[in-house]
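Below is one structure, written out as structure tokens; comments come after it.
The values are calculated or read from the model by the stated rules, or taken from the named source; none is laboratory data. Treat the numbers as computed from the prediction; the structure is a model and nothing was measured. As a convention, Cβ positions derive from the backbone with ideal geometry for all residues, glycine included, and neighbour counts pool all protein chains shown. Accessible surface is based on the protein model in full, side chains and every heavy atom, while ligands, DNA and RNA are left aside. Shrake-Rupley method; radii C 1.70, N 1.55, O 1.52, S 1.80 Å.
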Number of protein chains: 2
Amino acid sequence: MDAPNGSQDPEKTLDSQVKAFFDSAPPLQNMNDIFQKLNHFIQLNSLSSENGIGRRIVCVTSGGTTAPLEQRCVRYVDNFSSGHRGATSTEYFLKAGYAVIFLYRRGSFQPFCRSLPDDPLLECFEATERLNIQVREAYSKAVKTAIMDHHAPVTSGLLLKLPFSTIFEYLQMLQIISKPMKDIGPRAMFYLAAAVSDFYVPWKDMVEHKIQSGSHILDVKLVQVPKMLSVLRKDWAPLAFCISFKLETDSNILLNKARGALEKYNMHAVVANELSTRKEQVVVVTIDDKITVQRDKSKADDDVKNPLIKLLSQRHSAYIEDSKRTR
Amino acid sequence: MDAPNGSQDPEKTLDSQVKAFFDSAPPLQNMNDIFQKLNHFIQLNSLSSENGIGRRIVCVTSGGTTAPLEQRCVRYVDNFSSGHRGATSTEYFLKAGYAVIFLYRRGSFQPFCRSLPDDPLLECFEATERLNIQVREAYSKAVKTAIMDHHAPVTSGLLLKLPFSTIFEYLQMLQIISKPMKDIGPRAMFYLAAAVSDFYVPWKDMVEHKIQSGSHILDVKLVQVPKMLSVLRKDWAPLAFCISFKLETDSNILLNKARGALEKYNMHAVVANELSTRKEQVVVVTIDDKITVQRDKSKADDDVKNPLIKLLSQRHSAYIEDSKRTR
């Protein structure tokens, strides 16, 4: 893993990095359960017809992954992400007719909850005189809407929610999800909004017990997480429509970095966003163009994800049509 | 800060470390608001009489602190802590007659919610036929209890909740809280259950923008967070009854580390717990004895924090009596 960059066949290097990552990862505990839920979900939505070809299915990833520094994890490096983008995008994908696999960080923002306070159960309800509870007047509409909008797609099998915490869980689950997604070809989309760790400590290199705080300086050495986007595109689900994100705090380097990611990982589009303005506008970078997408400021509750998902849904439809012609 | 250990007057070194930490910290945004809430809370509970001397007040800290790696924070080192201990202890302190300042990590576990699922609003409720919502039968009792038990102390001014995220916010808020707590002398208790970062990157040493992932290895150097427990005991609130925690994954070193912390930081008690058994038993280490506290296994819903807080409350009462005699 410590070989200097550029001195070896890059593909071979990536393959060995990927192998090292998965060999190092602690196995998922509930793999069979995830498999069953997934297969059921994808079968169900492949039967339900949309133009006779089954429904389009998107895997939305959301929230940040953690990289543990100790095997019995006390300390970890985390990537900041509320999960707001993934959760809100999920709402718009459902509205656009997709079935959604929502792969989210435990405890991160959930779809249909954006009008609720941080701690909704304790904030939104009150006890009544007859020792019962009721929704507080001020939250009445928001709570009703959140619960009904959330339950409808879950009950009708259009929304499957799968949680992760560590980078190990995240990438193993992404690989598992890509298996049945591969089978539905271009109808599948990956919308990779999660803030994935760039660096990790390989499981075997970790100390088992808590790092002691006796020394004055803690020196943590992390190695790069292999670029799984390439592997997803090349091997895991080569026909799926793939969208990734580029977040930077420095707008000067943003578009170049997005363009770089598009080419390097062979994405169908990269959504470029700057930390401070990302709720107002993003730029969708494709091989042919750069499209600036802005939220409709005349509507107080409009979100930039609304026009973004409309655009991506159109592009995805065109991609499916193209795939039919070239088959 | 890089001076070798042991070569200088330890007290002088600590003072300069503390100064460096607070000089480095970005200022709290809502300081005045916190001040007002705190003063009101402590005044209110000093008037309400318990043996004519005002109510005992405990500051319970809960959840893990983060240490940002970048100023516009994308990555940070986090300490794992659900906040379960602090939240549950808060319940038992209220039951024991204390007023509680609950200083908690944003998004961590809240008092009175232990019987609820992770995502209570979405899990516990369902839509009814008349387009309204109701509590699902299975959660009916748990939801009612959580909301009523939570609202009662908040409404009657016995529970003040203050959130933090970073190590900078946490230590600044602890300092602010200690000011009015100092004024109530031995009636104050600090129950320091938060998992506080041992290491941090000084604000001025941080890069402003996101760390780029081009290099193959990320080398993060963190310096030790000054031991504020000493400062709390010595300067901030010298008469307050102080309890800290020692969590280790290795039971072989646990009791020695707890004893070490007791002496080093001049605590009144250190609660020693091992990661794997901490829900069943803990050991309370004081200068005179080591008391093993176990949960009552004959009661399914008993928690080790129940007998723990009973014991600490007794010790605190004895400490207050002692203080009167020696005054």
Original post:
Of B:K227/B:K310; A:K141/B:K144; B:K37/B:K305; B:K141/B:K305; A:K12/B:K221, which ones are farther than 25 Å apart at the Cα?
Top reply: B:K227/B:K310; B:K37/B:K305; A:K12/B:K221
Original post:
To the nearest 100 Å², how much accessible surface do chains B and A cover up together, summed over both, with a 1.4 Å probe?
Top reply: 5900 Å²
**OP:** State, in angstrom, two size descriptors of the range A:197-305 derived from its alpha carbons: Rg to one decimal place and Dmax to the nearest whole number.
**Re:** 18.9, 57
**OP:** Return the FRET efficiency for the residue pair B:A300, A:K221: r is the Cβ-Cβ distance, R0 is 56 Å, and the value is rounded to the nearest 0.05.
**Re:** 0.75
Subject >> Two-site FRET efficiency, A:K19 against A:D205, from Cβ-Cβ distance with R₀ of 22 Å, rounded to 0.05 >> reply: 0.90
Original post:
Peptide A:117-124: average number of partner chain Cβ atoms within 10 Å per residue?
Top reply: 6
Subject >> Amide proton proximity set for A:L275, modelled H, under 5 Å, gap of 5+ >> reply: A:E248, A:T249
Original post:
Which ³J(HN,Hα) values, rounded to whole Hz and listed in residue order, are derived for the range B:278-284 from phi using the Karplus coefficients 6.51, -1.76 and 1.60 in 6.51 cos²θ - 1.76 cosθ + 1.60 with θ = phi - 60°, glycine and proline given as x?
Top reply: 5, 7, 9, 8, 9, 10, 8
Subject >> Simple spin-label estimate for A:Q281 and B:S140 in nanometres, 7 Å along Cα-Cβ >> reply: 5.5 nm
Original post:
Other chains near B:224-236: what is the mean number of their Cβ atoms within 10 Å of each residue's Cβ?
Top reply: 1
**OP:** For A:I291, go 7 angstrom from Cα along the Cα-to-Cβ vector, then report the distances to that same point in the other copies in nm, smallest first.
**Re:** 6.9
Subject >> Residues with amide H under 5 Å from that of B:T166, placed H, sequence gap 5 or more >> reply: B:T66
Original post:
In nm, one decimal, shortest first: how far is the label point of A:T277 (7 Å from Cα along Cα to beta carbon) from the matching points in the other copies?
Top reply: 5.9
**OP:** Once the label point is placed 7 Å from Cα along Cβ, list for A:R114 the distances to the corresponding points in the other copies, in nm, shortest first.
**Re:** 3.7
Subject >> Inverse mean reciprocal Cα-Cα distance (Kirkwood Rh) of chain B, Å >> reply: 21.5 Å
Subject >> Estimated vicinal HN-Hα couplings, Hz - the range B:74-81 in sequence order (Karplus 6.51, -1.76, 1.60; Gly, Pro = x) >> reply: 10, 10, 8, 8, 10, 9, 5, 6
Subject >> Taking chain B and dividing mean pair separation by its residue count, relative contact order in percent (alpha carbons under 8 Å, at least six apart) >> reply: 18 percent
Original post:
Using just the C-alpha positions of the protein assembly as shown as equal point scatterers, what log10 of I(q)/I(0) does the Debye formula give at each q in 0.06, 0.10 1/Å?
Top reply: -0.37, -1.03
Subject >> Within the protein assembly as shown, percent of DSSP bridges classed antiparallel, to nearest 5 >> reply: 40 percent
Subject >> Heavy atoms of B:K297: accessible area, 1.4 Å probe, square angstrom to 10 >> reply: 130 Å²
**OP:** Give the peptides A:265-274, A:32-41 in descending order of average Cβ contacts within 10 Å, highest first.
**Re:** A:265-274, A:32-41
Subject >> Residue mean of other protein chain beta carbons inside 10 Å, B:145-154 >> reply: 4
Original post:
Of the peptides B:95-105, A:54-64, A:144-154, B:19-29, how do they stack up when ordered by the mean number of other Cβ atoms within 10 Å, highest first?
Top reply: A:54-64, B:95-105, A:144-154, B:19-29
Original post:
In the range A:68-89, which residues become less accessible by 50 Å² or more once every protein chain is in place, relative to the chain on its own, using a 1.4 Å probe?
Top reply: A:R72, A:V74, A:R75, A:Y76, A:D78, A:F80
Subject >> ³J(HN,Hα), Karplus 6.51/-1.76/1.60, whole Hz, each residue of the range A:286-294, x for Gly, Pro >> reply: 10, 5, 9, 8, 10, 10, 7, 10, 10
